[in-house]
Amino acid sequence: MIKQAPLVMIPGPTPVAESIRQAMAVQTYGHTYNGFVGIYKECLAGLKGIFQAEHVIVIGGAGTLSMEMGLINTVRAGEDILVVSHGVFGDRFELVAKALGIRAEVLTCPAGQLVPLAAIEEKLQAKNYKAITLTHVDTSTGVMAQVKEVGQLARKYNTLYIVDGVCASAAVPETMKDFGIDMIVTTCQKAFGTPPGLAMVAFNDRALARREELGTVPSYYSDWKNWLPIMENPSLYFSTPPVNHIVALNEAVKIVIAEGLTERYIRHNRIAASIRAGLAAIGLELATAPDALAPTLSVVKYPEGVEDTAFRANMEQYDVFVAGGIGALKGKGFRIGHMGNICINEIVLTLYAIERSLTAAGIALTPGMAVGAAWKEWHTYL
């Protein structure tokens, strides 16, 4: 039997478009070679436009490094931050803060729901926090936070506003000036659709002023002041960048810009609506409240009698990979990533595999119902 290339429909890494794969495969340039310097500059300029950022740093690493860079360059050990968490990845800010000696107060809520804005404002009224952190889309619960509304509160109480954009950037509006965001910490392998390997931080002059106030920071590699001269002139040297990853990201950024931000956001909403129409057609329910749904992934509850490991193993028999639940939802459901450079084709293949896997688990359903419902939604959306 001829095996197809696996379709990775987890919440990152996401499927990599052929032009991005080809960009990644170019001969490795010297990191101060003029041709690469031009690519690096083009990539950074594109990202500044996407985020409305005054400064962007892109280096080797991952989203967790971006989070650490965000805190280490703006908050001293012993100072207080407010962490608004909708799941595992919101909670990670507390762990990063603890490692840096920063005091973190965490606001949480039941899995799949939104932390009330009134609860956030109550905290900001009661204490002068140096920063507030918010995960735009938490990949453990599928919750999309109220980023603009929290930004208004951060401005009202003069608190630096740090947004984790890992599962939102390039798929959901995240314009810093419009939303009152001082910093976005993110990465490349989700909606940007490149192989993993880059830490990305976009920030404004207000955040940079905070870095200047700190004097020294307890890091060398993560210190913005060591990287900013390189971002202004990539022909300079501080530490060797991951050349091929940056070439690939530049191609991804060009794809985003060519599609158009508004059009890209609409396409992600269309994808989410279509795949959820398919899930609903076969009786599957989401673990996320309707007012908190993100367009980049769906967290799906298992029907009674469906076992997590066996279900996902059956999915793999059809060369489609989904992710298991984590945190409070571990073992209770599965997670489908639907972001980046995908369309109806990936949706159809994923829903087909879900139908077959549910059937293998003993769930009675009419073949093709999910695919048909998704197809109808796709063609009637808007």
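The values are calculated or read from the model by the stated rules, or taken from the named source; none is laboratory data. The structure presented is a predicted model; accordingly, all values stated were derived computationally and were not measured. Cβ sites come from the backbone with ideal geometry, for glycine too, and all protein chains shown count toward neighbours. The accessibility values were calculated without ligands, DNA or RNA, using every heavy atom of the protein model including side chains. Shrake-Rupley method; radii C 1.70, N 1.55, O 1.52, S 1.80 Å.
Some observations on this one:
- The set of residues in region 210-234 being part of a loop (DSSP other than H, G, I, E, B) and open to solvent by 30 Å² or more (accessible area, probe 1.4 Å) consists of G215, T216, P218, S219, Y220, Y221, N233.
- Output for region 16-35, where each listed residue is assigned to a loop (DSSP other than H, G, I, E, B) and of a type outside the set (S, T, N, Q): V16, A17, A25, V26, Y29, G30, H31, Y33
- Breaking point among (1) of a type in the set (V, I, T); (2) free of Cβ contacts under 8 Å to residues at least 40 places away in the same chain; (3) buried (at least 16 other Cβ atoms within 10 Å of the Cβ), for T159: (2)
- Scanning region 352-382 for residues that are hydroxyl-bearing (S, T, Y) and either farther than 24 Å from E259 by Cβ or open to solvent by less than 20 Å² (accessible area, probe 1.4 Å) (or both) returns Y352, S357, T359, T366.
- Residue among N244, N226 that is on the phi < 0 side of the Ramachandran plot and free of Cβ contacts under 8 Å to residues at least 40 places away in the same chain: N226
- Yes/no for E307 being surrounded by fewer than 16 Cβ atoms within 10 Å (Cβ to Cβ) and over 18 Å from A191 (Cβ atoms): yes
- Evaluation of A126 against the conditions (1) under 27 Å from E251 (Cβ atoms); (2) over 23 Å from the mean Cα position of the chain (by Cα); (3) open to solvent by 50 Å² or more (accessible area, probe 1.4 Å) shows that the sole unmet condition is (1).
- Odd one out for G331, checked against (1) without any contact (Cβ under 8 Å) to a residue 60 or more places away in the chain; (2) in contact with a Phe, Trp or Tyr (Cβ under 7 Å, 6 or more places away or on another chain): (2)
- Scanning region 177-199 for residues that are under 17 Å from V58 (Cα atoms), out of contact with any Leu (no Cβ under 7 Å at 6 or more places or on another chain) and open to solvent by less than 10 Å² (accessible area, probe 1.4 Å) yields M183, I184, V185, T186, A191, G193.
- Members of region 190-209 found to be touching a strand residue (DSSP E or B) at 6+ places or on another chain (Cβ under 8 Å) and either among the polar types (S, T, N, Q) or outside any helix (DSSP H, G or I) (or both), listed by number: K190, P196, G197, L198, A199, M200, V201, A202, F203, N204
- Of all residues in region 55-76 being assigned to a loop (DSSP other than H, G, I, E, B) and not polar (S, T, N, Q), the one that is nearest to the chain's Cα centre (by Cα): A62
- Some residue of region 165-175 being in contact (Cβ under 8 Å) with a residue 40 or more places away in the chain, open to solvent by less than 10 Å² (accessible area, probe 1.4 Å) and in contact with a Gly (Cβ under 6 Å, 6 or more places away or on another chain): yes
- The set of residues in region 235-259 being of a type in the set (F, W, Y) and open to solvent by 70 Å² or more (accessible area, probe 1.4 Å) consists of Y237 alone.
- Matching residues, region 121-156, being in contact with a Cys (Cβ under 8 Å, 6 or more places away or on another chain) and either among the acidic types (D, E) or without any contact (Cβ under 8 Å) to a residue 24 or more places away in the chain (or both): D138
- Scanning region 260-298 for residues that are among the charged types (D, E, K, R) and either in contact with a helix residue (DSSP H, G or I) (Cβ under 9 Å, 6 or more places away or on another chain) or surrounded by 21 or more Cβ atoms within 10 Å (Cβ to Cβ) (or both) returns R264, R267, R270, R276, E285.
- Condition check for K177: over 19 Å from the mean Cα position of the chain (by Cα) and either of a type in the set (V, I, T) or farther than 17 Å from G337 by Cα (or both): yes
- When residues of region 54-95 are limited to those that are touching an Asp or Glu at 6+ places or on another chain (Cβ under 8 Å), buried (at least 21 other Cβ atoms within 10 Å of the Cβ) and of a type in the set (A, V, I, L, M, F, W, C), the one nearest to V143 (Cα to Cα): F89
- Selection of region 327-351 for residues being out of contact with any strand residue (DSSP E or B) (no Cβ under 8 Å at 6 or more places or on another chain) and either hydrophobic (A, V, I, L, M, F, W, C) or buried (at least 17 other Cβ atoms within 10 Å of the Cβ) (or both) yields A328, G340, N341, I342, C343, I344, I347, V348, L351.
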